[in-house]
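Everything on this sheet refers to the single structure shown next.
Computed from the coordinates by the stated procedures, all read-outs in this text should not be read as laboratory data. Everything quoted here is computed from the prediction, not taken from an experiment. Methodologically, a virtual Cβ is constructed for each residue, glycine included, from the backbone with ideal geometry; neighbour enumeration extends over all protein chains shown.
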Amino acid sequence: MSGASPFDWLQTLQALAVPTLLALSAVVLLLADLVLPADPHPANTGPQPIGGRRNRGPLSFRELRSSIAGLPPPTTATAGAASVSADAPHAAVPAEQPAPTVPGSWRAGLAWIAVGQLLVTLAFRLLAPADGLAAGGVFIDDAFAAYLQVGVLAAGLLAVLGLRAHAVRHFGRRQVELYVLVLSSLCGMTLLAGARDLLLLAVAFELMGIPLYVLASYAKTETGLPHAPGTLARPQRAPAEAGLKLYLVGAVSAAVTLYGLSLLFGLTGSTLVARLADAPPSPLLALGVAFVLAGFGFKLGLAPFHFWIPDTYQGAPTPVVAFLSVAPKALGLAALVRVLADGLGARAGDWLGPLLGLAVAALVVGNVFAVPQQNLKRLMGFSGVAQMGTMLLGVAALGASLAGQAPSEAAVSGLASLLFFFAAYLPANTGVFLVLEALTGPLPAADPDTPHDRDTLASLAGLHRRSPGLALAALVCVLSLAGIPFAVGFWAKLWVMVAAWQAGFAWLVVVAAAVSVLGLFYYLRVARAMYLGQATETAPVRPGGVLGTAIALCALATAGMGLWPAPWVQWATAAARVFLGR
Amino acid sequence: MVAFPPVFGMSAAVVGLATIVAPLAAFLLLGLLRPLRATGTPAAAVAIVAALVSTACAFALVFAGAPREAVADLTVPWLVSAGQTWATLGVYLDATSVPMLAVVTLVGLCVQVYSLGYLHDEPKESFGRYYAFHSLFLVAMLLLVVAKDLLQLFVGWELVGLASYLLIGFWWQKPSAARAAVKAFWLTKLADIGLGAAIVVLYVQTHALDWSPATVQALGPAGATLVAALLFVAVMGKSAQFPLHVWLPDAMEGPTPVSALLHAATMVAAGVYLLVRAWPIFDAAPDVRLAMAWIGAFTGLFASVVACAQTDIKKVLAYSTCAQLGYMVAAAGAGAIDAAYAHLIGHAAFKALLFLGAGCLIHAVHSNELADMGGLLRRLKFSGGAFIVGALALGLYPSKELVLAGVGHAGLQGPLVLLLAAAGLTAFYMTRSVLLALFGPASAHADHAHEAPASMLAPVLLLALLSVAGFALFDSVAPVLVAVRERPHSWLGHIAHGLALAGFAVGFALYGPRRRDALALPGVRAGLAFVRAAAVDRAFQAAYRMGLLAFSRSVAWVDRYLIDGVMNLSAFASQSGAERARRIQTGKTYDYLTAVVAGLLLLAVASVYAR
């Protein structure tokens, strides 16, 4: 940081290139959606998108809500058209018109723009050097940030690929906003990866979170389904519930985080994370950090801040869950690591106790609650809580080492194992959700009131006969999540546990290993359903090219990293070394 | 480190990599593309072309004119942690691995071409399957050969075991074949425990998995003895040394080309190759080497005796393989590792020739039994002649003298006597097989016998020429491949030749024109009964029934009632506990928020008090 000019525009722009690119991409996509003409088949318009009303003044909250939830907008001018189309969608389509079965499906091409934007950003991230400070040290672009950014960009790419078919089929003209929201959330995530300022941290958290609330509440509409004349097509309730729960718990957590941040600011007189170490030790400081920890606990889905997870996962669209369940968590961890290593440094030891408590709670609650689940999405939700608990082992090793309670190698090993764990977790977790999407995504929302009964383990039964490729992909991912040797999840778990062991938390490793046995049980139940279960249906499942590519990428990445973990391990180690300055 | 000269204008290591990638590509194509596999002959063509590429690369490496110290290393870190590399993956070429590459690929190629004719009656699908397995075997064996450390070698070693299992059981509909496959698998797996344990001990002691002098130094004498002993257990299993040899004769249930490839020339040699490869470790363990010399020599004599009493031509060859592997192990035990390696390479050529020649005879009479053959030379001049060439090579091959000289130099009189006796017996039983199968009165089948197709004869011809060339040019060829000293023209060589000639003579006397039943000679029957292979087999079966099965049953009981009981109890507890606990997941958002606030308070209290 040069003292003369604390704010160097060029440097800032360079360091913030990735979030900036993503923000621009979102704007471009939104503009493209606005500029494009309305659907050429007016009878097929379906629910109005936000962008489709560009000449109609600002949106009311009701409009916004109904737009998101797929309800016909309440304004009279469009309500008539929409309800006509909803009442008799087939009757309104002229017979000679080869109309697409789903309104707005011709807009699906915009997904490719999003894919291209993400690929460009990813390529830029991989090629551009990662060293720079933005805005006088508020944001740092280092190898650690770059590693996380690559991870979330990959997750975003998989999410867009996974979303496309779902969006075309179910979201009609609302589909473009979907990608805009993914890009906005990614923008927040990439900011968060390098944020070294409490204020930026808070803003980036919200930038990441708010699009996710909206994404989670996207509901399938029932266009094309027969329903009683004179009634409106009702959207599912579950996604609205999912989004609302995510939002409410998230809002409370954000408030808690902000309150903690305000306390810290009051104590240190600076918003820079690095100044935390200068604060005089006081109960207020402890309180402030505890509040911030609680906020991170929500993002990470640690017990007892995890209650939203199963409900949200169950209700939200599956490809959204695939995104929601990985990327924000990695960034929550990154923020935690920032505060611990950059901010608290040698005083991190004071918070080891609460951290270990959170880890044990997450491990036990996640694993135990996952056992009786019949719904695969809920099962994955709880198991995700347990996985986060395992990742906290690496954080604990890092903290103990920073506090001088453990050898200094434990810091590198703890942080690197954490980063590697994230890389291992990302494709496996995404892959399971995408396979589920291939299975149940195309189904219409048959009964708006009980839409959840399709994502059960029973729906996976006999998948191996129906679609051997899908079953194999899911098997690879599930085995990795369970930590079977020579799957990448095994190496990740092993490394995290070795790091914790080195840091002197042998008891924690024993606890983690003991509850992992439960993990073996419920993950293998998924495999058993696919390979030994009796299929009630025999029709093969065809995910389609785009979703199939995404699933194949997940399975190949999981298998490849398991067979040849060395480059990823080296990458994670290098990022950890840079971050810790060793 | 001297660099390997470039081959085909490329780095030698890349060419070495190509030897593996070609069969790997064939295996993936045949394994993944079912329609291609089901085409039969085109599928075979894919595998053969891959083997051809592989062979060409391997021979280019042999004739690259590299100095003996040259090394080509193309390895990448495979398993790493924050600080160190545990294991590497890649291609490591030096004077040890390159000749073996050539042997494996050439024999593999010959056998694949030969199988075209031998298995042409198979259904197309299983024909393709056969070639897929063959390619897998080549990949595994080459992976083993070019390994730079024990872990990659272990991966190749186990894959070779898998490929062997699949190929022995190729005719899985035959109960005996299925049983033999399982038996071979389990016995070698049992021995592989030694390799696994050796890897663990080596890593714990030295934090390295290679066999470099530095590692051996770090291992210390006691550690080296332990690791060498554990490695040797694995060698005994793979290279069929007494008493772990019992799987090899049964493995002859596989198709004859498979026997030629795996159970004569290449796979069983993997054990001896491990001795050569990890020689620094064995070199530092004289006690283990003494045991090796005795076990090898005893296997040599024992298997030779048993071979004399076999009525199945493939079993004769199987026991003779055991015996020759015993020679190699004994030479390694005596410290003459170059002699062991030379014998490995020579043996690969003429044993493959013998098996493929025997395959032609079997193909002609549709039986393995010597009694069903007889007088075949009149009809099968070419294959019969090739078989005779192989038999002569087996009896008189010069590398045997190197082995004997090495054992003699080391002053190991006991093993030397055993090996000399085995040399005489080898000549005897080969004469017996040749006379019974090719001469004498023609059997009922012999009248319809006809020569094998060209696809079978071409590899036989190639191997016969190689055997003859190896025989004639031994003194000039051997030093190119292996660092052997000049062949010692000592009295040992003369004795060995004398004994071999005596063996030929006795065999001729007994089974020649005035054929007598050897079993009727006084004492022979009793002697044979003593050393019958079945005796060892029976001992294994008894040990299996009384020892292993009883042990397994007790373990099973403990597992079922104690361990499973505890597991079931805890599973029940956690499931019912979870069922109960899930009730706090009410689905009501205000409950969730309550939990958030409660967690926050707990954290705050803990943070304030933990300071």
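Counting other Cβ atoms within 10 Å as a rough exposure proxy, the listed residues B:Asp94, B:Asp564, B:Asp312 run B:Asp564, B:Asp312, B:Asp94 from fewest neighbours to most.
Amide H contacts for B:Thr75 (H built 1.01 Å from N in the peptide plane; partners 5 or more residues away or on another chain; cut-off under 5 Å): B:Val91. Estimated from the Cβ-Cβ distance and a Förster radius of 45 angstrom, the FRET efficiency linking B:Val2 and A:Arg528 is about 0.20.
Residues whose amide H falls under 5 Å from that of B:Gly40, counting only those 5 or more places apart or on a different chain, are B:Gly128, with hydrogens built in the peptide plane. Given R0 = 25 Å, the distance between the Cβ atoms of B:Gln413 and B:Asp475 translates into a calculated FRET efficiency of 0.35.
Note on B:His450 and B:Val76: the model spin-label points, each 7 Å out from Cα along the C-beta direction, lie 5.4 nm apart. With neighbours defined as other Cβ atoms within 10 Å of a residue's Cβ, the residues B:Val258, B:Val596 order from fewest to most as B:Val596, B:Val258.
In vacuum, with every alpha carbon of the protein assembly as shown counted as one equal point scatterer, what does the Debye formula give for log10 I(q)/I(0) at q = 0.04, 0.08 Å⁻¹? Two decimals, please. One equal scatterer on each Cα of the protein assembly as shown leads to -0.30, -0.95.
Computed from the Cβ-Cβ distance with R0 of 30 Å, the FRET efficiency linking A:Leu520 to B:Thr41 stands at 0.05. For the stretch A:485-582, rounded, prolate or oblate, judged on the Cα gyration tensor with a ≥ b ≥ c (square roots of eigenvalues), a/c < 1.5 rounded, else prolate if a/b > b/c? Judged from the Cα gyration tensor, the stretch A:485-582 comes out oblate (a/c at least 1.5, b/c at or above a/b). Taking a virtual spin label 7 Å from the Cα of A:Val541 along the C-beta vector, which residues in the stretch A:390-431 bring their backbone nitrogen under 19 Å of it? Answer for this model: A:427-431.
Approximating the spin labels as points 7 Å out from Cα along Cα→Cβ, the B:Asn568-to-A:Leu24 distance works out to 6.6 nm. Converting phi to 3J(HN,Hα) with the Karplus coefficients 6.51, -1.76 and 1.60 and the offset θ = phi - 60°, the stretch A:263-274 yields 4, 5, 4, x, 6, 9, x, 9, 8, 6, 4, 5 Hz in sequence order, with x at every glycine or proline. Estimated at 0.36 nm per residue, the fully extended path between B:Asp121 and B:Glu69 surpasses their Cα-Cα distance by 13.9 nm. In order along the stretch A:357-368, phi translates into HN-Hα couplings of x, 4, 4, 5, 4, 5, 4, 6, 4, x, 5, 5 Hz, rounded to whole numbers, per the Karplus curve 6.51 cos²θ - 1.76 cosθ + 1.60 with θ = phi - 60° and x for Gly and Pro. Exposure proxy shown here: for B:Thr256, A:Thr20, the number of other Cβ atoms within 10 Å sets the order, fewest to most, as A:Thr20, B:Thr256. A cut-off of 5 Å between modelled amide H atoms, ignoring neighbours fewer than 5 places along the same chain, links A:Asp197 with A:Val273.
Taking 24 Å as the straight-line reach from the Cα of B:Lys588, the lysines in range (excluding those fewer than 8 positions away in the same chain) are A:Lys220, A:Lys245, A:Lys299, A:Lys329, A:Lys377. In terms of packing, defined here as the mean over residues of other Cβ atoms within 10 angstrom, the peptides A:312-321, A:191-200, B:28-37 line up highest first as A:312-321, A:191-200, B:28-37. Taking 7 Å steps out from each Cα toward its Cβ at B:Ala509 and B:Val200 produces label points 5.6 nm apart.
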